[in-house]
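Pasting a structure below so you can have a look.
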Amino acid sequence: MGRPKKEAHKLNGLKKIEDFRFLSENAYEILKDAIITLKFAPGEKLNLPDITEELGISTTPVREAMNRLIQEGFVVNVPFKGAFVGDVDQKMVEQLAELRQLLEVAAIKRTAAQFTAGDAKVGEDLLEKLEKSYKKNDVTAYVEYSMQFHHMFVDRCGNELMASVIRGFNDHVKRIAFLALGKQGKISPFIDDYRKILESLKARNPEEAGRHLLDHLSKVEHSFDQKGSDEQ
């Protein structure tokens, strides 16, 4: 994950926990969201006292939440130094890209064979929201609707285990999307890709849908490669 880059700072903007029935779960969700959306940057030190004060809870549930995030690769524990937000390197990007190309393409082919008019309406609504967020350069909304677009065909593939596995690594995909778009300063123009994918689904053409999705995922991976090259 690389060496720590940044020291801790006083937190701003973390949501204070109000439901005290599930402290550890709530702390986990809040911290994970802060990491995904880059409120905590890669390499940043996570100061336990500051976090507990910001969330308004005791140390124990925050430690439990941090341990879950360590297990999932969002946080790394450095002996004698503390906990830091995990880095995102090219190896992780490539591994996630390979998983998506294998599983999401298989999922969309299954979905295309049984795509309904109701499914098409959901897809059209999401495409409209994507276009609006793209025009406004609203990164947060664009990433969210992009993830929903992928979930739209993954959740309809008829294979619950496959859909569950894909959703299992999508938080890392989402974080990488925020990182890439943040470095770029504007949203990548992938709207045409989504439109082609949706049209293939509406035509119930599994091979074409898989081909368009694979092309889209390859472009996304290449865009991350370009970010890395630009920084070297």
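The values are calculated or read from the model by the stated rules, or taken from the named source; none is laboratory data. Everything numeric in this text was worked out from a predicted model, so none of it was measured. When we count neighbours, we look across all protein chains shown, and the Cβ atoms used for this are built from the backbone with ideal geometry, even at glycine.
From the residues in segment 85-121 that are in a helix (DSSP H, G or I) and acidic (Asp, Glu), which one is surrounded by the most Cβ atoms within 10 Å (Cβ to Cβ)?
Quick first cut of segment 85-121, residues in a helix (DSSP H, G or I) only: 90-112, 117-121.
Imposing the further condition that a residue be acidic (Asp, Glu) reduces the set to 94, 98, 104, 119.
Working: Glu94: 13, Glu98: 12, Glu104: 23, Asp119: 18.
Checking each candidate, the answer is Glu104.
From the list Phe224, Phe190, exactly one residue is over 20 Å from Val122 (Cα atoms), surrounded by 14 or more Cβ atoms within 10 Å (Cβ to Cβ), at pLDDT below 95 and in the same structural domain as Glu104 (by TED's automatic domain parsing). Which is it?
So the residue among Phe224, Phe190 that is over 20 Å from Val122 (Cα atoms), surrounded by 14 or more Cβ atoms within 10 Å (Cβ to Cβ), at pLDDT below 95 and in the same structural domain as Glu104 (by TED's automatic domain parsing) is Phe224.
Return the total of residues in segment 77-105 being closer than 20 Å to Gly168 by Cα, in contact with a Gly (Cβ under 8 Å, 6 or more places away or on another chain) and at pLDDT 95 or above.
3
Taking into account only those residues within segment 56-76 that are surrounded by 14 or more Cβ atoms within 10 Å (Cβ to Cβ) and part of a loop (DSSP other than H, G, I, E, B), which is modelled with the lowest pLDDT?
Across segment 56-76, the extreme among qualifying residues is Ile57.
Under 7 Å by Cβ, and 6 or more places apart or on different chains, what pairs join a residue from segment 140-165 that is under 18 Å from Ala112 (Cβ atoms) and assigned by TED's automatic domain parsing to the domain that holds Ala177 with one that is part of a helix (DSSP H, G or I) and of a type in the set (Val, Ile, Thr)?
These pairs meet every condition: Met152/Val122; Phe153/Ile108; Phe153/Thr111; Val154/Ile166; Arg156/Thr111; Cys157/Thr111; Ala163/Val154.
Look at Lys39 and say whether it is assigned to a strand (DSSP E or B) and either of a type in the set (Phe, Trp, Tyr) or assigned by TED's automatic domain parsing to the domain that holds Glu25 (or both).
So Lys39 does not fit the description; no.
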